[in-house]
Amino acid sequence: MAGRINDDDVKAVRDAVPIDSVVSEYLQLRNAGGGNLKGLCPFHDEKSPSFQVSPSKGLFHCFGCQEGGDTIAFVMKIDHLTFSETVERLAAAAGITLRYEEGGYNPSHQRGERIRLVEAHKIAAQFYIDQLENGSEAETGRAFLADRGFDHAAAQHFSVGYSPQGWDHLTRFLRGKGFSDKELILSGLSQEGRRGPIDRFRGRLMWPIRDISGDVVGFGARKLYESDNGPKYLNTPETGIYKKSQVLYGIDLAKKEIAKTSRAVVVEGYTDVMACHLAGVTTAIATCGTAFGGDHIKTLRRLLMDNATAEVIFTFDGDAAGQKAALRAFEDDQKFAAETSIAITPGGMDPCDLRLAEGDQAVEKLVDTRTPLFEFAIRQVVTRHNLETPAGRAAALDEAAPIVAGIKNIAIQHESAVQLAGLVGILDTQFVVKRVAQLARWARDRGGRGPAPSRTNAPQQQTQAPAAPSGGGGPALNLRSPAHRTERELLKLALQHPDLVSPAFDAYGVDEFTGPPYAAVRQTVADAGGAEQGTADSSGYLARVRDAAPNDTVRALVTELAVEAIHARTVDESYAGVQLVQVRLRAVDRRIGEVQGTMARLGQHADPERLTAVTNELWVLQQYGQSLRNHGVAAL
C-alpha cells in the first residue's frame, strides 16, 4: 500500500506548478485587475465570469459557487482525482520525484486507479502509432488515410494508429509493461475472452481521444476489413476516465484557438476534424459516438467565455438526417450565451469529402458562409407548410413564432420576426412582431430563460463582495453594514498583504470581529501563527492558514478573502491603517456601550468599589476612542 507523500514534496509541487497555467488548460482566463485573472467557472453554469485566479498567491475562488483552493484542489475537483493522484500527476508534469513516508517509492504500485488507466492509454496510443508506421499489416490503414488525403505527417499530427488483427497483441504488450488484467479490463482496452482478456480493438484505424488537459482517455476505431462484423466505428466503452457525453475529439488541439478566436466548429467525425484542421479551420472538434449535448456545451462555454462575439458553428450534411441533426442542435441553442450557426455541406459531402474534392479553400469557405442556426430552423419549419392557403400560413406562424421568441438577442429577435412575416407571406408585419414579443414575455413569466441580460446590467463582482458561505460559518453577512465591510477589508489585507497590517493585526481579539465567519477567519490566522509570519513567506503563510481552518466552510472563506480584490486604488500603509483603526474603534465603541449599560444597571446604590472600577474603565475607553479618532493608527 502506498505511503503518505512527503509534506516537503507536496509544497514543492504547489510551488513548481503555476495555478494560472493549470487553470488555463481548462478555461479561458482574462485580466481581472489587481494581478488577478478571471473566467467562467468550470464548476457551475454562469453567464458572467465570477471565477478568479490569483497567480501570486497560487489560489482560485469562485464568487458564485464558493469553490476555491490551490492548484491541487483545482485539479482534484475538475478531474475527480484523489489528493495523491493529483499530486502525482502535477509532480510528473513538473519533473519532481516524490518521496513517501512509508514503504518507499514504487510508481507501479503507488499511483491511483485513474493515473494507471491514463498511463495505459498513453502507452496504447504509442503502440498503435508504431503499428501504423512500421507494421506491414497496417498497409490497409495507411491506404485508407491516403485515399482521404491524409499523409504521414497528418497521421502523426493527430496520433492516428492501427490495431493489429490478432487476438491479444496489445493485451500482451501492456502486461509486459506491468499492467494487471483487471486494469486492462477497467481501461476498456481489453475485454473478457474465453481464455482471459483479449484486445477490444482489432484490425482497425485508431484515433486517440484526449480530454481537455491532453490525456488520452479513450479511442475511436474505424473498421477496415469486410471480415470485421463489428460496427463501422467502435468507441471505448464507458470507463472511469471515458464518458462519451463529456469528451470532444480534437479539443486538446483546438482549445487554445477556440479561446483566442471565440469560435468553435462542431463536425461529425474524426476525419472531418482532421480535414478542417489541415485546411486551416483549427477550431474544429467532434463528438464521439453520441449527439452533441449539455456536457459538451459546458466544456465549450468555459473556453468561449460567452463574450459578445463568441460563436459555435455546426456542420451537417444537407440531407434529411443532417437537417434533423441541425434542428436537434438548435434545441440546445439557449444553453449557449454564444451565437450558434450552421454550415450545410454541399452535395451531401462531409468536410473530409469536400476537402478531397475541392481543396482546403472549400472547407474554409464552408465555415465562412454559415447561416445563423435560428434562421435555418425557422426556414425548415416554414417549408413544411402549404403557404398557398390561409390555414397553412397560420400553422407555419404558430410553429415558427416560438422559435423566434426564443432568440436571445432582442434586436435579432425583432429583425427575425419581420423576416418571418415575409417568409410566411403575412403582409401585416406588426402583427407578427407583436405575436413574437408576446410569446417571449410569456416564456419569461413562466420562468423560461428569455433573452439574455445585457452585460452592462450584469452584476459587478468587484463593486460589492458576496456574502460569506453559510453552513457552519455563522449567519449570512450583511455587507451593507460598515462594520462587516471594514472587517472584510482588514482580513483581506491580513491575508494578501500581511506586511501592511503587522504586527498590529495579531494583537486584535477574535471578539473585535462582529461577523461570526470573520471571527472564525481571525481565529484561524491566529492558529496558523499570526499574520506577521506572512511577511517573509507569503505563499507558505496562506497554505498554513488554509490548513489551520477548522472546516471546509472557513477554509473556503479564507480562500475567497485571499483572492478577492481589495477595494482601494492604492493599497498601502495608509489604507491598511484606516481599516485597522475602524475595526478597533468600533470594538471600543461597542465596549463603551456595554460599560454604560452596566453602570445603568448598577444604579446609585451600587457597591462604591464596583462603581469606581466601572467608571474608570469607561473613562479609559472614552479616552482611547478619542485618541484613535484624533491620531489614527499611531494610537493603536
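The values are calculated or read from the model by the stated rules, or taken from the named source; none is laboratory data. Everything quoted here is computed from the prediction, not taken from an experiment. Note that each Cβ is placed from the backbone with ideal geometry, even for glycine, and that neighbours are counted across all protein chains shown.
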_Filtered residues of region 556-586 (kept if touching a Gly at 6+ places or on another chain (Cβ under 8 Å) and not polar (S, T, N, Q))_ = 556, 557, 560, 563, 565, 566, 577, 578, 581, 585
_Step by step: first the residues of region 324-373, then only those that are touching an Asp or Glu at 6+ places or on another chain (Cβ under 7 Å), in a helix (DSSP H, G or I) and crowded, with 17+ Cβ neighbours inside 10 Å, then the one that is modelled with the lowest pLDDT. Which residue is that?_
373
_helices (runs of 4 or more DSSP H) enclosed by region 494-553 - at least 3 residues per element that are among the hydrophobic types (A, V, I, L, M, F, W, C), touching a residue at least 12 places away in the same chain (Cβ under 8 Å) and within 23 Å of residue 577 (Cβ to Cβ)_ = 516-527
*asked:* Suppose we keep only residues that are touching a strand residue (DSSP E or B) at 6+ places or on another chain (Cβ under 8 Å) and not in a helix (DSSP H, G or I) within region 67-99. Which one would you say is surrounded by the fewest Cβ atoms within 10 Å (Cβ to Cβ)?
replied: 99
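In region 196-208, is there at least one residue being without any contact (Cβ under 8 Å) to a residue 12 or more places away in the chain and surrounded by fewer than 14 Cβ atoms within 10 Å (Cβ to Cβ)?
So far as region 196-208 goes, no, none of its residues is without any contact (Cβ under 8 Å) to a residue 12 or more places away in the chain and surrounded by fewer than 14 Cβ atoms within 10 Å (Cβ to Cβ).
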_Residues located in region 161-176, provided they are assigned to a loop (DSSP other than H, G, I, E, B) and of a type outside the set (A, V, I, L, M, F, W, C)_ = 164, 165, 166, 168
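Results for (1) touching a residue at least 12 places away in the same chain (Cβ under 8 Å); (2) of a type in the set (Val, Ile, Thr); (3) surrounded by fewer than 14 Cβ atoms within 10 Å (Cβ to Cβ), shown as yes or no for each residue.
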{"residue": "121", "(1), (2), (3)": "yes, no, no"}
{"residue": "131", "(1), (2), (3)": "yes, no, no"}
{"residue": "139", "(1), (2), (3)": "no, no, yes"}
{"residue": "144", "(1), (2), (3)": "yes, no, no"}
{"residue": "154", "(1), (2), (3)": "yes, no, no"}
{"residue": "164", "(1), (2), (3)": "yes, no, no"}
{"residue": "177", "(1), (2), (3)": "yes, no, yes"}
{"residue": "186", "(1), (2), (3)": "yes, no, no"}
*asked:* I'm told residue 437 meets every condition in (1) modelled with pLDDT of 90 or more; (2) in a helix (DSSP H, G or I) except one. Can you identify the failing condition by its number?
replied: (1)
*Give region 271-298 a look and list any residue that's assigned to a helix (DSSP H, G or I), over 21 Å from residue 370 (Cα atoms) and touching a helix residue (DSSP H, G or I) at 6+ places or on another chain (Cβ under 9 Å), or say none.*
294, 298
*Across region 400-420, what is the number of residues that are free of Cβ contacts under 8 Å to residues at least 40 places away in the same chain and over 32 Å from the mean Cα position of the chain (by Cα)?*
6
*Being surrounded by fewer than 14 Cβ atoms within 10 Å (Cβ to Cβ), modelled with pLDDT under 90 and on the phi < 0 side of the Ramachandran plot, is that true of even one residue in region 482-493?*
yes
*Can you tell me which residue in region 516-531 is nearest to residue 588 (Cα to Cα), limited to those that are buried (at least 24 other Cβ atoms within 10 Å of the Cβ) and in contact with a Ser or Thr (Cβ under 9 Å, 6 or more places away or on another chain)?*
517
